[in-house]
Every structure is written in structure tokens, then in C-alpha cells.
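J.: Dropping the structure in here first, questions after.
Derivation of every value follows stated rules applied to the coordinates shown; laboratory data play no part. Source: prediction; values computed, not measured. Here the Cβ is made from the backbone with ideal geometry for all residues, glycine too, and neighbour counts use every protein chain on show.
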Amino acid sequence: MTVAEKTLIDEINELREKKNAVILAHYYQRGEIQDIADFIGDSLELARRAQETDADIIVFAGVRFMAETAKILNPEKKVLHPNPESGCPMADMATYEGVKKLKEEHPDAAVVAYVNTNADVKTLADVIVTSRNAVKVVKALEEDKIIFVPDQFLGGFIAQQVPEKEFILWKGFCPPHFNLSPDQLLELKEKYPDAKIAVHPECNTKTTEIADFVGSTSQIIEFATTCDAENVIIGTEVGLKHQLEKINPNKNYIFPVNADYCGTVHCCDMKKNTLDKIKEVLENETNEIVLPEEIIEKARKPLDRMLQIV
């Protein structure tokens, strides 16, 4: 660590204490941001952890929908987003008007929205799900027809586990996960024949079919750090490597190179947050997430319904 980096971190820590703030960081954030965070996790876990603190300010180092979810669950707190340009292409693929129209066309269907959706789309949902709990939540619904937004690949993965229900899938996708091809994983498997392959269900179907394990970010961590394989090929965002090596440094975590998308399975939007930007928003209390009360109230209901089921 350079003198400048240490000075910057000291300044962030001083501001954090002075303003009674917490810093939340998603697993896909830069390593240096994960290292200074009060809590590290997936988007919903972090939003829930924020509810347990007495902090006045939440700095959410993630993409915008995650900061919005934190605001929905913590409406009384000031939520700051280090970089407003850090959005989620997949979340943006599901529009309010488009989902509303689909809902009107299928009045007998339950709208199941992945937590990776923008706040206005959440208001149309009957229930929110995460990649970890989606199968359990969908099975618990009374409806036999499911509209799933926005990720067609996570939706397809759920449909395989719940064949008794009919699924209407929004055609959204996560570009970094979608661009991970099965050939890339098989090439690594040839190099490490004893390796296990763990991938995220946002990957395209052909990629998930060759994996030894398919699960959420936190489930991949659990599998990769505890399985009996010394080498584990990881099919998700490269930022996860930082936590994997912290939890169990005795294993070899292999992330495939993807020349077509920022060099690896790499979310460029996640990496738009930096220590400099965290300091800036803490210092000036800028980039606050502001949502109309009506949206907070409506979007909170499907989140609460999910929490009741799981």
C-alpha cells in the first residue's frame, strides 16, 4: 500500500466515524473497497445488514439497483451511491411499461422479480427473489404461471427445478455472465482435470449444464472453499477471487479470461466505484438515493413477502 492510499483510507475512516456511516460492498467490488467495508455480501444481504446498524448514512458500493434496495429497506437512512454511473445493464433491460404490459396480458400469472431490478419494476412484482432463494420462493407461490424478470437464464434455471409451473421469461441477461462460454471452462478443465467447476445461474444455459455446481455468489463461496477439490474453476465475476482467497487461501481459484468483455468475467459497472469516490460522497453527502414514498411503499411489499417465505 502506498502512502497516498493509506492516507485516503485514513480519511475515509475518519469521515465514517464522524458521520456515523457504514460502508457496504458487494463481492464484485474492487479488492481495496472490500477491505475497508463494514459489511461484504450480495445485494439483499447487505441491505438487510444495514437495517441492523444504528448508522445514519449508508454508503453502498455496488450498482444502482442495490443502493435502491438498501433505501427501500431503510427509508429513514441516507443512502449514498459512490458513482451514479454504476448501473446494471440487466436491470435496465426490464422496463416498467414493458413489465406492466406483460402483467396485463397474463392476469393469472405471478410476477416474480429478481432482486436485480430497478425500483420502479419492483413495484409491479408480486414477490422478489434472489438467486439463492428463487426456487424455494417460486415453489411456495399458489400461482401455476410465473412471469420472471429480468434474467432469462436465471428464470430458465428456476423453471428446470420447478417443472410443474409455466414460465414466461423476460429476455434480459447479464452481459459478463452471458459471455462466459462453455468452451472457456472446458479449456480450463483440460488444464486442471481434477478441478471442480462452479458457476452462477446468470450464465447461459449451455455453460451451467457443464458445471459441477450452480449457485448464487454466496453459495459459490461456500462450495468453492469447502469442496474436496484443490483447483476450482469459478464462473462468475472476478471480484469474488478476493474473498475466496481470504476465506481459504490453500485452494487455487481459477477465473476464465474473456477477451470480449473487459478482459475477464468482469463487471465494468461494478468497478466504477473507487476509494476516491467513496471519500467524496462521504465528505459531501452527494449522490443520495432519493425515491418517492409511493415507490418505496410498493416495492417494499414484494420484498417483505419474500422474507416471509424464506
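J.: When the chain is modelled as a GNM with alpha-carbon springs shorter than 10 Å, which of 206, 241, 298 fluctuates the most?
T.: Result: 206 has the largest fluctuation of those listed.
J.: Just checking my list (1) 57, 54, 32; (2) 117, 36, 28; (3) 68, 41, 32 against Cα extents along the principal axes in Å computed from this structure; which label fits?
T.: Answer by label: (1).
J.: Where the centroid of each part is defined by its Cα atoms, how far is segment 53-76 from segment 200-262 in Å?
T.: Each part's Cα centre sits 27 Å from the other's.
J.: For the chain, build the charge dipole from Cβ charges (+1 Lys, Arg; -1 Asp, Glu) around the Cα centre, then report which of 119, 176, 252 sits farthest towards its positive end.
T.: Toward the positive end, the furthest listed residue is 252.
J.: While we're here: What is the distance, in nm, between label points placed 7 Å from the Cα along the Cα-to-Cβ direction at residue 228 and at residue 308?
T.: Spacing of the two 7 Å Cα→Cβ label points: 4.4 nm.
J.: Could you tell me the relative contact order of the chain? Use alpha-carbon pairs under 8 Å, at least six residues apart, and round to a whole percent. All intermediate terms of the calculation are to be shown ahead of the outcome.
T.: Working: 618 pairs, mean separation 67.2, N = 310.
Value for the chain: 22 percent.
J.: Listed here are the pairs 100/122; 101/298; 100/301; 101/206; 206/246; 196/271; which of them are more than 21 Å apart at the Cα?
T.: Flagged as over cut-off: 101/206; 206/246; 196/271.
J.: Only counting other Cβ atoms within 10 Å, I'd like 242, 200, 177 sorted with the fewest neighbours first.
T.: On the way: 242 20, 200 28, 177 25.
Ranked by crowding around the Cβ, least crowded first: 242, 177, 200.
J.: Please rank 281, 290, fewest neighbouring Cβ atoms within 10 Å first, as an exposure proxy.
T.: If I rank by nearby Cβ atoms, fewest first, I get 290, 281.
J.: Highest first, please rank the peptides 29-40, 246-257, 228-239 by the mean number of other Cβ atoms sitting within 10 Å of their residues.
T.: Those peptides, ordered most packed to least, come out 228-239, 29-40, 246-257.
J.: Name the residue, out of 186, 154, 44, whose mean-square fluctuation peaks in a Gaussian network model built on the chain with Cα pairs under 10 Å.
T.: Of the options given, 186 has the highest mean-square fluctuation.
J.: I'd like the antiparallel share, as a percent to the nearest 5, of DSSP beta bridges with both residues in the chain.
T.: Close to 10 percent.
J.: Which of 92, 120, 183, 54 has the fewest other C-beta atoms within 10 Å, and how do the rest follow up to the most?
T.: Least to most surrounded, the residues fall as 54, 183, 92, 120.
J.: Return the single residue from 174, 88, 268 with maximal mean-square fluctuation; model: Gaussian network over the chain, springs between Cα atoms under 10 Å.
T.: 268
J.: Also, quick follow-up: To make sure I understand the rule: partners must be aspartates and glutamates, Cα under 17 Å from the Cα of residue 171, and not fewer than 8 residues away in the same chain. Which ones qualify?
T.: Cα-Cα hits under 17 Å: 92, 97, 105, 151, 202.
J.: Once the piece of chain linking residue 288 and residue 52 is laid out straight, how much longer is it, given 0.36 nm per residue of separation minus the C-alpha distance between them?
T.: Extra length available between residue 288 and residue 52 comes to 82.9 nm.
J.: OK, next. To make sure I understand the rule: partners must be aspartates and glutamates, Cα under 14 Å from the Cα of residue 77, and not fewer than 8 residues away in the same chain. Which ones qualify?
T.: Within reach: 52, 54, 56, 68, 285, 288, 293.
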